[in-house]
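Structure first, commentary second.
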Amino acid sequence: MMLNRLHIAVILLVLLALLFTIAAPSIAADTNPSDVPPSHWAYKAVKLLIDKGYLQLYQDQTFQGDKPVDRYTLAVVVSKILNEIASGQVGTNKDDMALIKSLTNEFRDEFVGVNSKNNIYMKKLDSLDKEQTVMEDDITRLTDEQLQLQKEAQQMLSNIQSLQDENMKMKADMERLRAELDTTKKYMWVAIILGLLGIAH
């Protein structure tokens, strides 16, 4: 979006520079912007736009160059320029060409800077995308491992329950065998006593 605005600004300034020799209606009001000193890099272009009637100062005689251009203002300025081009009122001189060259070079440097920053940001975005892909792969792998561990834990719990059930059954079997052994011992003692009594008679 920033790149598009710069393209529009360069095109607009080039078109305006072609109109330097066009006679503009005189403007009675003061055309010196109070917030753009003559030492400012854009002073000549700003003064020209105001003198030619393409842009106007605010009521407080300020230009407010940091304010973004709205589409309505851009449409009016471009329309005026296109009308003057179509009517053949456009002419240039050496000063105009020098200014066009200066503006083109100045904005070219800005474009190079913007493109350079854009390339850096794109590389960072690519790097972040790759890191995100790696993180997503890691999360998927860890999730799969967690599910596998949960399955193994469930299986271990099931095995523990089975062992506990078998242990309870073995204890019950041992209790039954003890009871049977005690009963057998009692019968053996009775038989021994009866046998001894029978021998004694």
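Considering segment 49-75, the residues that are of a type in the set (D, E, K, R) and part of a helix (DSSP H, G or I) include one that is surrounded by the most Cβ atoms within 10 Å (Cβ to Cβ), namely ASP51.
Contact map, segment 60-84: residues that are at positive phi paired with residues that are at pLDDT 80 or above, Cβ distance under 6 Å, separation 6+ or inter-chain. Pairs shown: GLN61/SER34. Per the listing GLU131, GLU145, GLU175, the residue uniquely more than 50 Å from the chain's Cα centre (by Cα), part of a helix (DSSP H, G or I) and among the charged types (D, E, K, R) is GLU175.
Let's see how each residue does on (1) loosely packed, with under 12 Cβ neighbours inside 10 Å; (2) at pLDDT 70 or above; (3) over 38 Å from the mean Cα position of the chain (by Cα); (4) of a type outside the set (A, V, I, L, M):
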| position | (1), (2), (3), (4) |
| --- | --- |
| MET1 | yes, no, no, no |
| VAL10 | no, no, no, no |
| TRP41 | yes, yes, no, yes |
| LYS44 | no, yes, yes, yes |
| LYS80 | no, yes, yes, yes |
| GLU106 | no, no, no, yes |
| ASP109 | yes, yes, no, yes |
| GLY113 | yes, yes, no, yes |
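Scanning segment 52-62 for residues that are among the charged types (D, E, K, R) and modelled with pLDDT under 85 gives a single hit, LYS52.
The values are calculated or read from the model by the stated rules, or taken from the named source; none is laboratory data. For clarity, every value in this text was computed on a predicted model and none was experimentally measured. Every residue, glycine as well, gets a Cβ built from its backbone with ideal geometry; the counts of neighbours run over all protein chains shown.
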